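Engineer: Pasting a structure below so you can have a look.
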Amino acid sequence: MTENYAESGKGLAADANAEARVTPDRPWLFRTYSGHSSARESNKLYRSNLEKGQTGLSIAFDLPTQTGYDSDHLLAKGEVGKVGVPISHLGDMEALLDGIPLDKMNTSMTINAPAAWLLALYVATAERQGVRRDQLSGTTQNDIIKEYLSRGTYIFPPAPSLKLIADVVSFTYREIPKWNPTNVCSYHLQEAGATPVQELAYALAIAIEVLDRVRPLVPEEDFPTVVGRISFFVNAGVRFVTEMCKMRAFTELWDDICRERYGVEDPKLRRFRYGVQVNSLGLTEQQPENNVYRILLEMLAVTLSKNARARAVQLPAWNEALGLPRPWDQQWSLRLQQIVAYETDLLEYGDLFDGSPVVEKKVEELKAGALKELAQIDDMGGAVSAVENSYMKRRLVESNALRLAAIERGEQPVIGVNRYTDGEPSPLTAGDGSILTVDAMAEKEQIEGLKKWRESRDAAKVDAALKDLKAAAEEGKNIMEPSIACAHAGVTTGEWAETLRSVYGEYRAPTGVGGASSQSADAMAEIRARVDKLENVLGTRLKMLVGKPGLDGHSNGAEQIAVRARDAGLEVVYEGIRLTPDEIVQAALQEGVHVVGLSILSGSHVTLVADVVAKMDAAGIGDVPVVVGGIIPPDDAKRLLESGVAAVYTPKDFDLTRILDGIVSIVEDAHKQAA
């Protein structure tokens, strides 16, 4: 029976609701962070996603590209096309964007140390399409400072890195006025363990450092325009009320900084503009279907509050703790965005939280904590100084240790991990097709294409362009125009980066890992007693090498293992990131270690582990057990174990104490077998 809404009084309620509504907002940009295998394969994926309703591109680059190496470099082995698309030269960029009109596309590029170079390739590609620079819109992440704290894809030391950021900023506001030249990125800070207060403070400190560096480079009357082009890229965790309040705190703090520190009067230029990818750190390998709910709740944190709503959203896929998402998985995440934007009435109302005493109290609490932390960083001389003295890095390691310990103790519930762990098998992960696998031929084909590119170009033009680039760097000039000239001349990614390395130097991070795990003495006492006993048997302290072969810079897990191992009484040799298999084997030999732990999250585990194991055998230390940690699919884990790896740890192995217990047992067993 049809109900008479007017007679029932529901019509009046509907009218009242209509009064509360405002003109519907345009939805945010829909993006999916993607790229893999090759430029041509990624182009197919982009065009398919755009046809499904994606409204902006978000390009993921592979690790060689992110760290300034060509695909045929020694360190690139096994890494080409794994976590993103390889871009070695202008031909790759043209293939990547083939058929995509750049004057109509908003493109985000997650690139940092070589951001100036990838932007140069993008501009050159647009110019080849006949598109003017001022028609381009998009974003280069270009936040190199946070790379020293989280992802490790730095190339140069902090000071010249800051200069490169400033070059891009001071170039784009004139030449590409619709471009966001730096996307100050707190996303990876949270992935490295940052609390909401730390995420606020560290991101704002980096933005201040960048603007202070740019200010003398532009006319005073242009500076407010420069400030208005700074954007942010944030993270949103599952505690979505706190995360929503964090976003409101960001908007208020940024408005204050722009007005009080930089004298920006126009409210539009003080607006906190941000894009977001919600939290990947909290996605679980166990019961991965639960990740869909986590992603939705995290998305609400950055869309519910109109006054602090994201300008662009990209969501991880439900299975990213298992491996590389397939196109269908990305489509599922895209559909989630579209349902929230188009089926719900979210965009029809003003801010839902204005005037809420609960929200106001939490926002003020977060702001107070962030301002206190900002003052401390300012006293040190700013964000670069706080990177160079390792202050921010130590704080993140400590925060991450507290987070992991709380999960282990059950104080921080994670459904399917430390609570309600029993459940039905997921049909989503049945069979071999639950993740995407990069074709092993992709690396070979990329290297062959790179060799042909080098052979086909005009060597004299390349040499001249690189000479001009080096001169600009040596003279302290803006490197953007020389970089665009290099792109047109056919210079490769590795050649561009190597030229600047010769001027700026290369950064090597300190390898010490401080801090304590925050585990209780009782939790570690039994393991420590076994380690003490084992010392009497071995004649020396149990020594573990923790190394990261290849280009994966996500060192958080390796650092936490190192911290916990020291808590357990082991002597730890932590060699840092970006090591060749030869370097790891040499360190194992020289240090006389009893176990080698390899951490690889880039998907290159099969190639790199096999290389390390083979070289250990050749060096006469094949009896030293090897353990591996990373995002490793079950079939690959089985393959590694069959090849002689002693243990494989994946995100489901969240209990670090249990991992250390297992590693000590492995060494005990290895010694018994040797005896």
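The values are calculated or read from the model by the stated rules, or taken from the named source; none is laboratory data. Predicted, not measured: the structure shown is a model, and the values here were computed from it. All Cβ positions, glycine included, derive from the backbone under ideal geometry; neighbour counts span all protein chains shown.
Engineer: Take the stretch 36-54 and flag every residue that is crowded, with 19+ Cβ neighbours inside 10 Å and either within 20 Å of Ala341 (Cβ to Cβ) or free of Cβ contacts under 8 Å to residues at least 40 places away in the same chain (or both).
Structural biologist: Result: Asn49, Gln54.
Engineer: At least 2 residues that are at pLDDT 95 or above and assigned by TED's automatic domain parsing to the domain that holds Gln277 in each: list the helices (runs of 4 or more DSSP H) lying fully within the stretch 170-251 that qualify.
Structural biologist: 196-214, 223-229
Engineer: Exactly one of these conditions fails for Ser161: (1) under 19 Å from Lys470 (Cβ atoms); (2) surrounded by fewer than 22 Cβ atoms within 10 Å (Cβ to Cβ); (3) of a type in the set (Ser, Thr, Tyr). Give me its number.
Structural biologist: Only one criterion in (1) under 19 Å from Lys470 (Cβ atoms); (2) surrounded by fewer than 22 Cβ atoms within 10 Å (Cβ to Cβ); (3) of a type in the set (Ser, Thr, Tyr) is unmet by Ser161, namely (2).
Engineer: Of the residues Gly91, Gly53, Gly81, which single one is in the same structural domain as Pro181 (by TED's automatic domain parsing) and either basic (Lys, Arg) or in a helix (DSSP H, G or I) (or both)? Outline the logic, then answer.
Structural biologist: Details: Gly53 fails: either basic (Lys, Arg) or in a helix (DSSP H, G or I) (or both); Gly81 fails: either basic (Lys, Arg) or in a helix (DSSP H, G or I) (or both).
Sole residue among the options that is in the same structural domain as Pro181 (by TED's automatic domain parsing) and either basic (Lys, Arg) or in a helix (DSSP H, G or I) (or both): Gly91.
Engineer: Check the stretch 442-459 and report whether any residue there is surrounded by 14 or more Cβ atoms within 10 Å (Cβ to Cβ) and modelled with pLDDT under 95.
Structural biologist: Yes, the stretch 442-459 has at least one match.
Engineer: Which one of the conditions (1) over 23 Å from Ile527 (Cβ atoms); (2) in contact with a strand residue (DSSP E or B) (Cβ under 7 Å, 6 or more places away or on another chain) does Lys638 fail to meet, given that it meets all the rest?
Structural biologist: (2) is the only condition that Lys638 fails.
Engineer: Can you tell which of Ser426, Ser399 is at pLDDT below 95 and touching an Asp or Glu at 6+ places or on another chain (Cβ under 6 Å)?
Structural biologist: On inspection, the qualifying residue turns out to be Ser426.
Engineer: Pairs needed: first member in the stretch 348-363, in contact (Cβ under 8 Å) with a residue 40 or more places away in the chain; second member anywhere, among the hydroxyl-bearing types (Ser, Thr, Tyr); C-beta distance under 7 Å; at least 6 residues apart or different chains.
Structural biologist: Partner pairs satisfying both residue conditions: Asp351/Ser305; Leu352/Ser305; Phe353/Ser305; Lys362/Thr242.
Engineer: Can you tell me how many residues in the stretch 465-493 are hydroxyl-bearing (Ser, Thr, Tyr) and surrounded by fewer than 23 Cβ atoms within 10 Å (Cβ to Cβ)? Give the derivation first.
Structural biologist: Quick first cut of the stretch 465-493, residues hydroxyl-bearing (Ser, Thr, Tyr) only: 483, 492-493.
Checking which are surrounded by fewer than 23 Cβ atoms within 10 Å (Cβ to Cβ) leaves us with none.
Adding up the residues that qualify gives 0.
Engineer: Is one or more of the residues making up the stretch 224-240 free of Cβ contacts under 8 Å to residues at least 40 places away in the same chain and over 15 Å from Pro181 (Cα atoms)?
Structural biologist: Yes, because at least one residue in the stretch 224-240 is free of Cβ contacts under 8 Å to residues at least 40 places away in the same chain and over 15 Å from Pro181 (Cα atoms).
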